[in-house]
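The values are calculated or read from the model by the stated rules, or taken from the named source; none is laboratory data. This is a predicted model, so every value here is computed, not measured. For neighbour counting, all protein chains shown are included, and Cβ atoms are generated from backbone atoms with ideal geometry for every residue, glycine included. Heads up: the accessible areas ignore ligands, DNA and RNA and are worked out on the full protein's heavy atoms, side chains in. Shrake-Rupley method; radii C 1.70, N 1.55, O 1.52, S 1.80 Å.
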Amino acid sequence: MYHRRSLLRNAIVSWSSDGRVAGVEVPGRLDACAEVEFYNGILIPDLVDAHCHLELSHLEGAIPPGGGFTAFARSMGNVREVKSPEERLQAAAEADRRLWRQGVGGVGDICNGDSTFALKAGSEVEYRNFLELFGLGVVSAQGMEALAQRAGAYGLSCSVTPHSTYSLQEEAFRAAVAWGDGPLSVHFMESPAERELFEGRGELAAWYAQRGTAVDFAAYGSPAARIVASVPADRDVLLVHACCVTEEDVERIEDHFSGRATWVLCPGSNRYISRLSPPVEMLRRKGVRIAVGTDSLASNTMLDMVSELRALGAVPLEELLGWATENGARALGMEHRLGGFEPGARSGAVLLSGLDWANMRLTEDSRTERLL
């Protein structure tokens, strides 16, 4: 749960020389304190963007919205490398700077290459890098070893992860899971076509048939069944999007992972691609751990955590902030550094302003900015 003591209004936070929070004081009369700056908002710790594709930042506006999941997937292959390497890196660098200025201190970032490694090594933002294996023609995770070594050479934390339950054949999926013991980040139930593929029907099944590509995993019967059968119960896993999960899916996965699964919601991306929305109220009712991501500028109009929180509906503000800070930090293994203002944390201080104070809710004017 998000700690109420981390929601501070009219507070003074003191910091030690090594960047740790040394103490928080809430005086009776702030106007009596020397050299005080006044901010109208809530002081929160660094936000954690649990799912992002920084290396796709150059694709802003390249794929029209609303075309649906399969059309988006087809388009990615056509536009991914339309700009020069220099332009791609410049766009990623600007996105990184924007995330930091808006108060994001940690990111779960999907990587299909090493183009952003140097950038992230020098960034103020802490990145957990998910080296993504995908492609129905891929037979093993052997090629990921060199990429992981390059990430390690830059001092970056990384995990090899399957892209999804629909984009890898059986041997490759299991090889990605077996590669290491870090968290996995799996695109999961973003579209009805994912479940339909396991039933031999739908858009994905038709696309694969058109390409002459057969799948060897349909016998699992559903994406949830494949996850449970293929990923050990003691593994941390981020399940990203979850627009089309059922209560049965959630119960099956939660029973298997016993609290080690995090459901990462990216509503801006879902709306952009297919006009779908994640089942927020059902997930809340099930009591699962929820985190929030921005996805990518290929599938979103901006990388802005407040916009994502606002799109999740009438959820209490304190709960939303827990999803966007503490829960994301736990999912990425950053909970000892980010996620709160507890002693020993190294979080910065972020101002959340533009609130509906009477109802303690976000508004269209809500925004975050980094103070420290």
Assuming Q210 fulfils every condition listed in (1) part of a helix (DSSP H, G or I); (2) under 27 Å from M76 (Cβ atoms); (3) modelled with pLDDT of 95 or more; (4) open to solvent by 30 Å² or more (accessible area, probe 1.4 Å) apart from one, which condition is it?
-> (3)
Determine, yes or no, whether G200 is at positive phi and either of a type outside the set (A, V, I, L, M, F, W, C) or out of contact with any His (no Cβ under 9 Å at 6 or more places or on another chain) (or both).
-> yes
From the set of residues in region 302-320 that are out of contact with any Pro (no Cβ under 8 Å at 6 or more places or on another chain) and within 26 Å of A92 (Cα to Cα), which is most open to solvent (accessible area, probe 1.4 Å)?
-> M302
Number of positions in region 176-207 that are assigned to a helix (DSSP H, G or I), open to solvent by less than 10 Å² (accessible area, probe 1.4 Å) and touching a residue at least 60 places away in the same chain (Cβ under 8 Å) = 2
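What number of residues within region 236-264 satisfy the criterion of being buried (at least 16 other Cβ atoms within 10 Å of the Cβ), assigned to a loop (DSSP other than H, G, I, E, B) and without any contact (Cβ under 8 Å) to a residue 60 or more places away in the chain?
Qualifying residue count for the region: 5.
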A224 vs (1) in a strand (DSSP E or B); (2) within 21 Å of F69 (Cβ to Cβ): all pass except (1)
Expected single match for free of Cβ contacts under 8 Å to residues at least 60 places away in the same chain and farther than 30 Å from K83 by Cα among S277, S347, S307 is S277
Are any of the residues in region 295-302 among the aliphatic types (A, V, I, L, M), touching a strand residue (DSSP E or B) at 6+ places or on another chain (Cβ under 8 Å) and either more than 22 Å from E254 (Cβ to Cβ) or touching a residue at least 24 places away in the same chain (Cβ under 8 Å) (or both)?
-> no
Go through the residues of region 270-284 one by one and say whether even a single one is under 23 Å from G180 (Cα atoms) and either touching a Phe, Trp or Tyr at 6+ places or on another chain (Cβ under 6 Å) or surrounded by 17 or more Cβ atoms within 10 Å (Cβ to Cβ) (or both).
-> no
Just wondering, is there one or more residues in region 286-296 that are surrounded by fewer than 24 Cβ atoms within 10 Å (Cβ to Cβ), of a type outside the set (A, V, I, L, M, F, W, C) and assigned to a helix (DSSP H, G or I)?
-> yes
Taking region 342-362, which residues are open to solvent by less than 30 Å² (accessible area, probe 1.4 Å) and either basic (K, R) or under 19 Å from D49 (Cβ atoms) (or both)?
-> A345, S347, G348, A349, V350, L351, L352
Note on region 82-141: residues more than 21 Å from the chain's Cα centre (by Cα) and among the acidic types (D, E) are E86, E87
Please specify each residue of region 302-329 satisfying the condition of being assigned to a loop (DSSP other than H, G, I, E, B) and farther than 23 Å from E126 by Cα.
-> A311, L312, G313, A314, V315, P316
